[in-house]
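Student: Attaching a single structure in structure tokens format; questions to follow.
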Amino acid sequence: MRHFLSDNSAAVHPEVMAALTRANHEHAAAYGDDAVTGRVLALFQRHFGEHARAQLVFGGTGANVVGLAAVMQPFEAIVCSANSHLWMDECGAPERFLGSKLIAVAPTSGKLRPEDIEPHLRCHTGVHGVRPKVVSITQATEWGTVYSVEETRALAEMAHDAGLLLHVDGARLANAAAHLDCSLRALTTDAGVDLLSFGGAKNGLMFGEAVVILAEGLAPDLDRCCKQAMQLASKMRFMAAQFEALLTGDLWLRNARRANAMAQRLAEALGTGVELAAPVQTNVLFARVRPEDVAPLQAERAFYMWDPADTTVRWMTAWDTEEADVDAFAAAVLARGGYSTSV
Ligand SMILES: Cc1ncc(COP(=O)(O)O)c(C=O)c1O
């Protein structure tokens, strides 16, 4: 049974499994000194530009923390969205491991605009206040919405003008690129992004994410930050083999397109029968449903309650969501009577 809990709930893509099996022979150098990891680092340069330097890590929280640790001091601050994974869902890992202050800003549909951030860049009080160092955005956002290339560039320019860096939590960057039909590079390096967490687990891998430094010469000690943060895999080749499967051809894009298409299909099947809390741009829908409908619908297919205050629920699709899953669930939702006027 496939449900609508999370893209983290999805299976491992068969091409990724096959790559793991291919890597599973003989011995290889540890800690990333193997041939597969070497090829993967070159693949990241193919996708993100010649100066891109990637470091593979176990998870997305780790990617965010390691990347940020490599570019800032504890007396410097991160400006991020109040909906961000960094702020909401990392159990204080950034605060603990970076020792840095996070400044959370209220977003609109999950997104930050330069005018939301700007006041926070000017409010520090010399030696007495933290110094903002990084603006962090999530692409696609926690609401499944997408920053356009122009929006990203505007944030990068604002950050750079103020002497800050732009970090992207790209746990679902592939979904954003699929939505915009643009390259990973156009959405990041070419738009002025300085560093990135690049998602793997949500897009068909068993595990593994990457920190990608995009700005030339930034974060020279990334590898040591990674080791100190306990994110350096000894058997790195098995993480690398998965990324090789994802990035050599277009598996990253096929998987993201499929996940996005299934969310669109669900939105279209529901039509005006459900009130959506955000536009459907990637692989997730946020819908407001009646409180009494939540448990019966969860019995059909599992999903998360997002905000009990107004019974906003989250329905997330993944690379392996099938049309039949969507159609069956849409029918179950519509059978509850539709929502357009009564929510
Ligand atoms: C936006 C975002 N960033 C990062 C992560 C990665 O988190 P984890 O540490 O669970 O791999 C997630 C996971 O859900 C996420 O949604």
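Student: For the subset of the stretch 77-87 comprising residues that are closer than 28 Å to GLY126 by Cα and open to solvent by 10 Å² or more (accessible area, probe 1.4 Å), which member is nearest to the ligand (Cβ to nearest atom)?
Tutor: Top of the filtered list is TRP87.
Student: Regarding ALA159, is this residue within 18 Å of GLN45 (Cβ to Cβ), in the same structural domain as ALA54 (by TED's automatic domain parsing) and in a helix (DSSP H, G or I)?
Tutor: Against the criterion (within 18 Å of GLN45 (Cβ to Cβ), in the same structural domain as ALA54 (by TED's automatic domain parsing) and in a helix (DSSP H, G or I)), ALA159 does not qualify.
Yes or no, residue by residue, for (1) closer than 25 Å to SER84 by Cβ; (2) touching an Asp or Glu at 6+ places or on another chain (Cβ under 9 Å); (3) assigned to a strand (DSSP E or B):
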{"site": "LEU246", "(1), (2), (3)": "yes, yes, no"}
{"site": "ASN260", "(1), (2), (3)": "yes, no, no"}
{"site": "ALA295", "(1), (2), (3)": "no, no, no"}
{"site": "VAL313", "(1), (2), (3)": "yes, yes, yes"}
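Student: Then there's this: Within the stretch 166-176, can one find any residue that is more than 10 Å from the chain's Cα centre (by Cα) and within 15 Å of the ligand (Cβ to nearest atom)?
Tutor: yes
Student: What number of residues within the stretch 175-194 satisfy the criterion of being out of contact with any Leu (no Cβ under 7 Å at 6 or more places or on another chain) and assigned to a helix (DSSP H, G or I)?
Tutor: Within the stretch 175-194, residues that are out of contact with any Leu (no Cβ under 7 Å at 6 or more places or on another chain) and assigned to a helix (DSSP H, G or I) number 6.
Student: Restricting to the stretch 183-204, give me the number of residues that are more than 22 Å from VAL71 (Cα to Cα) and within 11 Å of the ligand (Cβ to nearest atom).
Tutor: Result for the stretch 183-204: 3.
Student: Please count how many residues of the stretch 88-110 are within 24 Å of GLY126 (Cα to Cα) and open to solvent by less than 70 Å² (accessible area, probe 1.4 Å).
Tutor: Total meeting the criteria: 8.
Student: LEU232 passes all but one of (1) in a strand (DSSP E or B); (2) in contact with a Cys (Cβ under 7 Å, 6 or more places away or on another chain); (3) of a type in the set (A, V, I, L, M); which number fails?
Tutor: (1)
Student: Looking at the structure I just gave you, is LEU180 buried (at least 23 other Cβ atoms within 10 Å of the Cβ), modelled with pLDDT of 95 or more and either within 16 Å of the ligand (Cβ to nearest atom) or on the phi < 0 side of the Ramachandran plot (or both)?
Tutor: no
Student: Which residue, of THR61, THR141, is within 12 Å of the ligand (Cβ to nearest atom), surrounded by 15 or more Cβ atoms within 10 Å (Cβ to Cβ), of a type in the set (Ser, Thr, Tyr) and not in a helix (DSSP H, G or I)?
Tutor: THR141
Student: So which residues in the stretch 64-76 are within 16 Å of the ligand (Cβ to nearest atom) and either open to solvent by 30 Å² or more (accessible area, probe 1.4 Å) or not polar (S, T, N, Q) (or both)?
Tutor: VAL65, VAL66, GLY67, LEU68, ALA69
Student: So, in the stretch 7-52, exactly how many residues are crowded, with 21+ Cβ neighbours inside 10 Å and within 17 Å of GLY170 (Cα to Cα)?
Tutor: 4
Student: Looking only at the stretch 180-220, count how many residues are closer than 15 Å to VAL57 by Cβ and not small (Gly, Ala, Ser).
Tutor: So the count comes out to 11.
Student: Please specify each residue of the stretch 230-246 satisfying the condition of being of a type in the set (A, V, I, L, M), on the phi < 0 side of the Ramachandran plot and surrounded by fewer than 22 Cβ atoms within 10 Å (Cβ to Cβ).
Tutor: Within the stretch 230-246, LEU232, ALA233 qualify.
Student: Please indicate, with yes or no, whether at least one residue in the stretch 31-54 is in a strand (DSSP E or B), touching a residue at least 24 places away in the same chain (Cβ under 8 Å) and away from the ligand (no atom under 16 Å from the Cβ).
Tutor: So far as the stretch 31-54 goes, yes, one or more of its residues are in a strand (DSSP E or B), touching a residue at least 24 places away in the same chain (Cβ under 8 Å) and away from the ligand (no atom under 16 Å from the Cβ).
The values are calculated or read from the model by the stated rules, or taken from the named source; none is laboratory data. Keep in mind the model is a prediction, meaning the values are calculated, not measured. All Cβ positions, even for glycine, are placed from backbone atoms using ideal geometry, and neighbour counts span all protein chains on display. Surface areas here come from the heavy atoms of the whole protein model, side chains and all, with no ligands, DNA or RNA. Shrake-Rupley method; radii C 1.70, N 1.55, O 1.52, S 1.80 Å.
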